Amino acid sequence: MTSHIKMDERVERDRLAEMVQAVIGKPLDRPEGALKVSGAAPYAMDRLPANACHGVLVRATVSNGTLRDMDVDAVQALPGIRAIIADDRLLRNPAQGMAGEAPIQGPKDIAYFGQPIALVVAETFEQARHGAQALKLRFEADGTAIVAPDDPKADIETPEDEQDSTGDLDAAMQTARHTVDAHYTTPGHVSAAMEPHASIAEWNGDRLTLYGSYQMLRFNRAELADALGIEEKQVRILAPYVGGGFGSKLGIGPEAVAAALAAKALGVPVAVAMSRQQVFESVMRRSETDQHIRLAADEQGRLIGIGHEALVSNLPGEEFSEPVTQATPFLYQGDHRVIGHRIARVHRTCAGSVRAPGEAVGLTALEIALDELAAASGIDPVKLRLINIPQKDPSQDIPFSSHMLAEALEEGAKRFDWDRRRSEPGAVRDGEWLIGMGMASAARVNMLIESKARVTLNANGTGTVETDMTDIGTGTYTVLSQIAGEMLGLPMDSVETLLGDTAYPPASGSGGSFGAASNGTAVLLACEEIRQQLCERLDCDMQGLTLKDGHAIVGNRRIALPEILDGSRLVGEGHVEPGKAEETVRQATYGSYFAEVAVNAITGETRLRRMLGVFAAGRILNPKTARSQCLGGMTFGIGMALTEELIHDPRDGHIVNRDFAEYHLPVNADVPQIDVVLLDERDAWANPLQAKGIGELGICGAAASIVNAIYNATGIRIRDLPATLDKIIDGLQSRTD
Amino acid sequence: MTISVSMTVNGKTVSGDVEGRTLLVQFLREQLHLTGTHVGCDTSQCGACVVHVDGQSVKSCTILAAQANGTEVVTIEGLADGATLHPMQEAFREHHGLQCGFCTPGMLATGYDIVRRLPDADEARIRRELSGNICRCTGYHNIVKAIKAGAEKMSAA
């Protein structure tokens, strides 16, 4: 039986609060922790069948044109080479998140430098790699390809439904007492999940099994089937352990389709692992952005107008574009508004979702602009934000489902000793280091995605959760077990959660921070179904049933579950769908960041000294996993502020820094003491768990707090991220001149 | 050209035929099926492939299998004592020193090595010593905490 809910209205009843097992909301350890510390958790490339061949992808070395010829014979003559696959079904780039259908296919039309165009298959990995490197290619290149979004010849799209204008911002800018009018840029970023993309494909007749590294299996199954021209039911994808995702594994990728085609052609399993360089070149990047922000405020700092116009880029034909302004319409007040969104079509690696598409970079620029307004008006940055929190979503005149930005700002300011900050820049010095403090708001839209789960109460009184949901490091195994344990009155060691297999009910997948809340709701509903069945067996009503420690308590009876089950098992299914609540109220998560930096007065080098994040995301299902998500998100923010930057060759657009030697992720030495505070909140509009997404909130605006701290330390305003020392040192010199 | 290699891995003598270009990590993963050692970056930055070779922590993607001939190798699979986790493994599990788990075997191998060389390392020193290991999920905090806790457990053991 299936228990179903469509989120059309508030769910007033807090079912989890009525339960007594007391595992929800507790900082419990991961059930899969022991496997991961033993090297026993199988990732995509860890289940290599004995007879498997290896495939290595071959890349295009031009950015636009046609593949005319490959010297296949020479490579086929090399030792161990089994095949060179250049099938028309190969993918140009991965599918965008939740596409559910194949992306653009065909390896011969080249759209970007690094595009996979063939797969060389050999008996060993070393032979395949050599074959792929030795394969001579002849391209007919189109020398006119546009590879930079700021190229005056670039084709710029201005989608009508993504422009919005209310009131008269130009006039507001004229009459305002305080204004900011500036351009901010962020470079391209990569997810850089630690596990490079890999797939092992194995056919049994016309049925395909793929061990992959993917975030959203129900969509990936549809995408893979569509790419291969087969039925979904012929495809099974397994991804029980995924070595990080951050958006890079949302859609089926070239390596999966290539492995499947090669395995079919050769009649043996084929494994394709991308090298890190290939992941950089042919998996999604976050688009670089150019953001024109205008702020108009009155004498007291109250915003009367906000303009946020973004230019992003993507390949021709791609539907996704970085939704830079996503939080701008509802974060602050102001009657006069302009939202603009333009897309430059460029021949660069495909742009797609990287952790918190939109707010990660959009809010960062907006929050730097707010700091500029604070400096221009002489109003404290925390106060400036507090006085501009709207009572309703100003863009749609609808209420907020819940809203804790003010609490997050106040709590953060208190804990960080914000009142010790000197408002005039460059006032604090520690030897050759200039010290400054900065802050920013955090905000991220909250989403619910259709999801299903099955829960079984086994005859021995243990519970099993099954869904094709993934755990990409986020803690899904943990929180789903907690929800089932709470609802069924089972201790954690009596609940097993099975994930990452399309044989299980289709879930939301991991992405957009919606996984735990969407899929967790499906688990809660499935458990309600089981509770109903238990009531029938015990002849009681739902109100009268208490489940705890593997026992049912009804009236004055306490009965062990196996006794009630009497050799049988109970199965419940849960199904949640988004509904009218999406339009009735504005749902978002909020928070605040506070950062203290030291900028070297001689070299311009910035060192983050301490950082605090305060976040509200509804009910926190597990503070240990939630906190870790926030720490990781803020660390992404440190990278965005100080080091991370994709660099493209101006001639052909290729990524110059396509490895971890040259693309600088934050390392241990870059990460100082970071504190995370999670505020207590319930959001009854979000879902029956009253929980919201938290995986992305910690990056949205984080970099701004650091950049704003650099300003406070030095008086130097960085508007082009990352704030590397070359951008700071000029300003330092002019200060000392 | 194939080369015959023989070494001790996790206490057992193993041998196999490799190519001159075969990396130790590939030999461990593909021939010995010790897949706990991971390949994360291909350029020796990330440290997901750290193992111990003759008692020293080594990135197994920077050494050829042939170079490891005659050595004693310990991988993540060899750290536990049967079903009992090593104190460092227990500390990582307990202190949430991991999320996705992909960098974890390398972090553990490095962490174990740090504690053995510098049993009294403070937080700052641990961070410095972890310079060759990258994690994208956790922000490192719980990893540093786990190594400190692991050090205490190891000295108590």
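The values are calculated or read from the model by the stated rules, or taken from the named source; none is laboratory data. None of these values were measured; they are calculated from a predicted model. Cβ coordinates were reconstructed from backbone atoms using ideal geometry, including for glycine residues, and neighbour counts include every protein chain displayed.
The residue that is nearest to A:C527 (Cα to Cα), among those in the range A:558-580 that are of a type in the set (A, V, I, L, M), surrounded by fewer than 21 Cβ atoms within 10 Å (Cβ to Cβ) and touching a residue at least 60 places away in the same chain (Cβ under 8 Å), is A:V571. Quick check on my filter: what residues within the range A:110-134 are surrounded by fewer than 20 Cβ atoms within 10 Å (Cβ to Cβ) and either at pLDDT below 95 or assigned to a loop (DSSP other than H, G, I, E, B) (or both)? Listed by number, the residues that qualify are A:E123, A:T124.
Among the residues making up the range A:109-142, a single one is within 14 Å of chain B (Cβ to nearest Cβ) and of a type in the set (F, W, Y): A:F125. With respect to (1) part of a helix (DSSP H, G or I); (2) at pLDDT 95 or above, the lone exception for A:A669 is condition (2).
The residues in the range A:26-44 that are of a type in the set (A, V, I, L, M) and more than 7 Å from chain B (Cβ to nearest Cβ) can be counted, and the count is 3.
The number of residues in the range A:62-78 being closer than 27 Å to A:I146 by Cβ and among the aliphatic types (A, V, I, L, M) comes to 3.
Taken as a whole, the range A:433-447 holds at least one residue that is of a type outside the set (D, E, K, R), under 29 Å from A:S213 (Cα atoms) and in a loop (DSSP other than H, G, I, E, B).
May I ask you to verify whether A:K727 is closer than 19 Å to A:T289 by Cβ, touching a strand residue (DSSP E or B) at 6+ places or on another chain (Cβ under 8 Å) and basic (K, R)? When the stated conditions are applied, A:K727 passes them. Looking only at residues in the range B:68-113 that are at pLDDT 95 or above and at positive phi, the one that is nearest to the other protein chains (Cβ to nearest Cβ) is B:G101. Of all residues in the range B:37-49, those that are within 7 Å of chain A (Cβ to nearest Cβ) have Cβ atoms under 7 Å from Cβ atoms of residues that are polar (S, T, N, Q) and surrounded by fewer than 24 Cβ atoms within 10 Å (Cβ to Cβ), 6 or more apart or on another chain, in B:D42/A:S275; B:D42/A:Q277.
Quick check, is A:R337 under 24 Å from the mean Cα position of the chain (by Cα) and touching a residue at least 60 places away in the same chain (Cβ under 8 Å)? Criteria not met by A:R337. Within the range A:583-591, the presence of at least one residue that is buried (at least 23 other Cβ atoms within 10 Å of the Cβ) and either over 26 Å from A:K6 (Cβ atoms) or of a type in the set (F, W, Y) (or both) is confirmed.
What do you reckon, is A:G637 of a type outside the set (K, R), surrounded by 24 or more Cβ atoms within 10 Å (Cβ to Cβ) and out of contact with any strand residue (DSSP E or B) (no Cβ under 9 Å at 6 or more places or on another chain)? Answer is no for this residue.
All conditions but one from (1) of a type in the set (G, A, S); (2) surrounded by fewer than 22 Cβ atoms within 10 Å (Cβ to Cβ); (3) touching a Leu at 6+ places or on another chain (Cβ under 8 Å) apply to B:G11; the one that does not is (3). Just wondering, is there one or more residues in the range B:114-124 that are touching a helix residue (DSSP H, G or I) at 6+ places or on another chain (Cβ under 9 Å), surrounded by fewer than 24 Cβ atoms within 10 Å (Cβ to Cβ) and within 11 Å of chain A (Cβ to nearest Cβ)? So far as the range B:114-124 goes, yes, one or more of its residues are touching a helix residue (DSSP H, G or I) at 6+ places or on another chain (Cβ under 9 Å), surrounded by fewer than 24 Cβ atoms within 10 Å (Cβ to Cβ) and within 11 Å of chain A (Cβ to nearest Cβ).
When A:E202, A:E157, A:E195 are screened for being among the charged types (D, E, K, R) and out of contact with any helix residue (DSSP H, G or I) (no Cβ under 9 Å at 6 or more places or on another chain), only A:E157 passes. Take the residues in the range B:18-36 that are under 15 Å from the mean Cα position of the chain (by Cα) and facing another protein chain (nearest Cβ under 7 Å), then tell me which one is surrounded by the most Cβ atoms within 10 Å (Cβ to Cβ). The selected residue is B:G36. Return yes or no: is A:V37 of a type in the set (A, V, I, L, M), over 30 Å from A:H347 (Cβ atoms) and surrounded by fewer than 16 Cβ atoms within 10 Å (Cβ to Cβ)? When the stated conditions are applied, A:V37 does not pass them. If you go through the range A:452-475 one residue at a time, do you hit one that is out of contact with any Lys or Arg (no Cβ under 8 Å at 6 or more places or on another chain), of a type in the set (D, E, K, R), free of Cβ contacts under 8 Å to residues at least 12 places away in the same chain and farther than 30 Å from A:A601 by Cβ? Within the range A:452-475, none of the residues are out of contact with any Lys or Arg (no Cβ under 8 Å at 6 or more places or on another chain), of a type in the set (D, E, K, R), free of Cβ contacts under 8 Å to residues at least 12 places away in the same chain and farther than 30 Å from A:A601 by Cβ.
Residues of the range A:389-422 that are more than 28 Å from A:D335 (Cα to Cα) and charged (D, E, K, R): A:E411, A:K414, A:R415, A:D417, A:D419, A:R420, A:R421, A:R422. Taken as a whole, the structure places B:T138 among residues that are within 7 Å of another protein chain (Cβ to nearest Cβ) and modelled with pLDDT of 95 or more. Return the only residue of B:I143, B:I63, B:I134 being assigned by TED's automatic domain parsing to the domain that holds B:Q26 and in contact (Cβ under 8 Å) with a residue 40 or more places away in the chain. Checking each option against the conditions leaves just B:I63.
Given the criteria at pLDDT below 95 and either in a loop (DSSP other than H, G, I, E, B) or more than 14 Å from chain B (Cβ to nearest Cβ) (or both), does A:S734 qualify?
It is true that A:S734 is at pLDDT below 95 and either in a loop (DSSP other than H, G, I, E, B) or more than 14 Å from chain B (Cβ to nearest Cβ) (or both).
Regarding the range B:89-97, can at least one residue be identified that is closer than 28 Å to A:S248 by Cα and under 12 Å from the mean Cα position of the chain (by Cα)? Scanning the range B:89-97 turns up no residue that is closer than 28 Å to A:S248 by Cα and under 12 Å from the mean Cα position of the chain (by Cα). Within the range A:347-395, the set of residues being among the charged types (D, E, K, R), farther than 30 Å from A:M98 by Cα and either surrounded by fewer than 20 Cβ atoms within 10 Å (Cβ to Cβ) or free of Cβ contacts under 8 Å to residues at least 24 places away in the same chain (or both) comprises A:D380, A:K383, A:K392. Taking the criterion of being surrounded by 16 or more Cβ atoms within 10 Å (Cβ to Cβ) and within 15 Å of A:A122 (Cβ to Cβ), the residues of the range A:59-109 that qualify are A:V72, A:V75, A:G80, A:I81, A:R82, A:A83, A:I84, A:I85. Taking strands (runs of 3 or more DSSP E) as the structural unit, those lying wholly within the range A:170-282 and holding at least 1 residues that are buried (at least 20 other Cβ atoms within 10 Å of the Cβ) and among the aromatic types (F, W, Y) correspond to A:178-186, A:207-212.
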